[in-house]
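**Q** Following this message is one structure expressed as structure tokens.
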Amino acid sequence: MSAEQLRSRIETVLTRSRARSAALTDCVDETELMSQHSPLMSPLVWDLAHIGSQEELWLVRDVGGRDPVRPDIDELYDAFKHSRSSRTSLPLLTPDEARVYVQTVRDKAWDVLDHSTFEGRPVEKHGFAFGMIAQHEQQHDETMLATHQLRSGPAVLTAPAPPSSATPVSGEAVIAGGPFSMGTSLDPWALDNERPAHTVHVPTFAIDRAPITNAQFMEFIADGGYERRELWTDKGWQHRVDANLTAPQFWESDSDGTWWRRSFGVRRPVRPHQPVVHVCWFEADAYARWAGKRLPTEAEWEKAARFDAETRSSNAYPWGDAEPTAAHANLNQRHLEPADVGAYPDGASAAGVHQLIGDVWEWTSSDFEPYPGFEAFPYAEYSEVFLRGDYKVLRGGSFGTDEVACRGTFRNWDHPIRRQIFSGFRLARDVESS
């Protein structure tokens, strides 16, 4: 890619991310922007100014060498200085001040981009810092989308309904045992926890060709899945009791047993063929025990998503190396919910596994650990401080994930109790090699 092509790509992803940030914050009034809709989430206005603060630190000051715009607010928008639950009490920028700030920073960032050669330090090569900032903003946009899901009041977000199934998808795909290349050393915008590429031997396993659907999860509920202690780990059962879990978050049932789901301020019947969403790791693990299977390991998930047995190579995406389109996956907040299973046949992997990218983040059984040869870059607070903690890995992205922050190697992580995120799962099982 030439320097001008790279410059154009950077302009596209930064413009798209800012348009989304604006859409998520312009649709509510000042009071709602300053409010804390859940102790799990920041006020929306904090996210907006934090996006600008990170852009200032990395693009304006570090890459561009320009004078600081607002050094006085660095600590205020440092995510490690203040817990989410405490941020509403901080002397935050007002919505108007935050908008002026992020625009001032962006104007300076455009000037830095105009003068960048994409050479020099590792953070500058191939426009890494620009790609990192675009991904950072989109990650916070997805967080803000989750905040919108938690807010009360009338709906303020709209989007067309996702597509229905285009092809029947059921059963399992058997992935033959053997080595494959996991992670990446080549993607210039891959983040540090995705690196480096390394060979992993994965024994033969079977993985569901589709994520678990609402209809399947209803069967678990109807069979007493939330009351059967034997299906849950000790920690999982304790959390189920303490949190009074009886169904996925945002689900409600009528006296006749009809299930409804509250989605961004609208109450709709649960669509049976959608992947289930807003379940925590403990719920996914209990369901897997009930079904006589297990959650896939992170390596199994990635091999099913990326490995092409014919070419013996690992692709960037399940469908190959081409960038995602609307025909491949439910990404980019194009819709406000998962699409039905079978809606994206063009996005299937070489092994015939569907919807690995988009729709719902998929819980794996794996803890968040560093790859062999991991090096923190460009700062420890992105990945390193979370490694080996109480986190489970999620893969694949959701309907609220932007394509710039989603690929076959991308790793997400969260506490096993979290379910305000757009999380679902699929199952796997061992297969004896012949």
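**Q** Please go through region 296-328 and pick out each residue that is under 18 Å from the mean Cα position of the chain (by Cα) and among the aliphatic types (A, V, I, L, M).
**A** Scanning region 296-328 gives Ala299, Ala305, Ala316, Ala326.
**Q** Residues that are hydroxyl-bearing (Ser, Thr, Tyr) and surrounded by 15 or more Cβ atoms within 10 Å (Cβ to Cβ), at least 1 per element: which strands (runs of 3 or more DSSP E) completely within region 159-267 meet that?
**A** So the answer is 178-182, 259-263.
**Q** Would you confirm whether any residue within region 120-128 is more than 29 Å from Gly342 (Cβ to Cβ), hydrophobic (A, V, I, L, M, F, W, C) and over 25 Å from the mean Cα position of the chain (by Cα)?
**A** No, the conditions are met nowhere in region 120-128.
**Q** So if I check each of Arg66, Arg7, Arg84, which one is touching a helix residue (DSSP H, G or I) at 6+ places or on another chain (Cβ under 6 Å) and either surrounded by fewer than 21 Cβ atoms within 10 Å (Cβ to Cβ) or of a type in the set (Ser, Thr, Tyr) (or both)?
**A** Arg66
**Q** Considering Arg106, Arg99, which residue is touching an Asp or Glu at 6+ places or on another chain (Cβ under 8 Å) and modelled with pLDDT of 95 or more?
**A** Unique residue meeting the criteria: Arg106.
**Q** Name the one entry in Ala286, Ala299 that is outside any loop (DSSP other than H, G, I, E, B), touching a strand residue (DSSP E or B) at 6+ places or on another chain (Cβ under 8 Å) and open to solvent by less than 50 Å² (accessible area, probe 1.4 Å).
**A** Ala299
**Q** If we only count strands (runs of 3 or more DSSP E) wholly inside region 321-414, which ones have 2 or more residues that are open to solvent by 20 Å² or more (accessible area, probe 1.4 Å)?
**A** The qualifying strands (runs of 3 or more DSSP E) are 361-367, 412-414.
**Q** Checking Val112 against (1) open to solvent by 10 Å² or more (accessible area, probe 1.4 Å); (2) more than 28 Å from the chain's Cα centre (by Cα), which single condition isn't satisfied?
**A** Among (1) open to solvent by 10 Å² or more (accessible area, probe 1.4 Å); (2) more than 28 Å from the chain's Cα centre (by Cα), the lone unmet condition for Val112 is (1).
**Q** Looking at (1) assigned to a loop (DSSP other than H, G, I, E, B); (2) crowded, with 24+ Cβ neighbours inside 10 Å, which is the only condition His273 fails?
**A** (2)
**Q** Please tell me if Arg61 is modelled with pLDDT of 95 or more, open to solvent by 60 Å² or more (accessible area, probe 1.4 Å) and of a type outside the set (Val, Ile, Thr).
**A** no
**Q** Identify all residues within region 14-47 that are touching a Ser or Thr at 6+ places or on another chain (Cβ under 6 Å) and open to solvent by 10 Å² or more (accessible area, probe 1.4 Å); write none if there are none.
**A** Those that are touching a Ser or Thr at 6+ places or on another chain (Cβ under 6 Å) and open to solvent by 10 Å² or more (accessible area, probe 1.4 Å): Gln36, His37, Pro39.
**Q** Can you name the condition, by its number, that Val279 falls short on among (1) over 25 Å from His354 (Cα atoms); (2) at pLDDT 95 or above; (3) in a loop (DSSP other than H, G, I, E, B); (4) not basic (Lys, Arg)?
**A** (1)
**Q** So, in region 115-158, how many residues would count as being touching a helix residue (DSSP H, G or I) at 6+ places or on another chain (Cβ under 9 Å), open to solvent by less than 20 Å² (accessible area, probe 1.4 Å) and either acidic (Asp, Glu) or part of a helix (DSSP H, G or I) (or both)?
**A** 15
**Q** Moving to a separate point now. Looking only at region 421-434, how many residues end up being within 29 Å of Leu14 (Cα to Cα) and either open to solvent by 10 Å² or more (accessible area, probe 1.4 Å) or not in a loop (DSSP other than H, G, I, E, B) (or both)?
**A** Matching residues across region 421-434 total 3.
The values are calculated or read from the model by the stated rules, or taken from the named source; none is laboratory data. It should be emphasised that the depicted structure is a prediction, and the values quoted were computed from it without experimental measurement. Cβ coordinates were reconstructed from backbone atoms using ideal geometry, including for glycine residues, and neighbour counts include every protein chain displayed. Note: accessible area is taken over every heavy atom of the protein model, side chains too, but ligands, DNA and RNA are not part of it. Shrake-Rupley method; radii C 1.70, N 1.55, O 1.52, S 1.80 Å.
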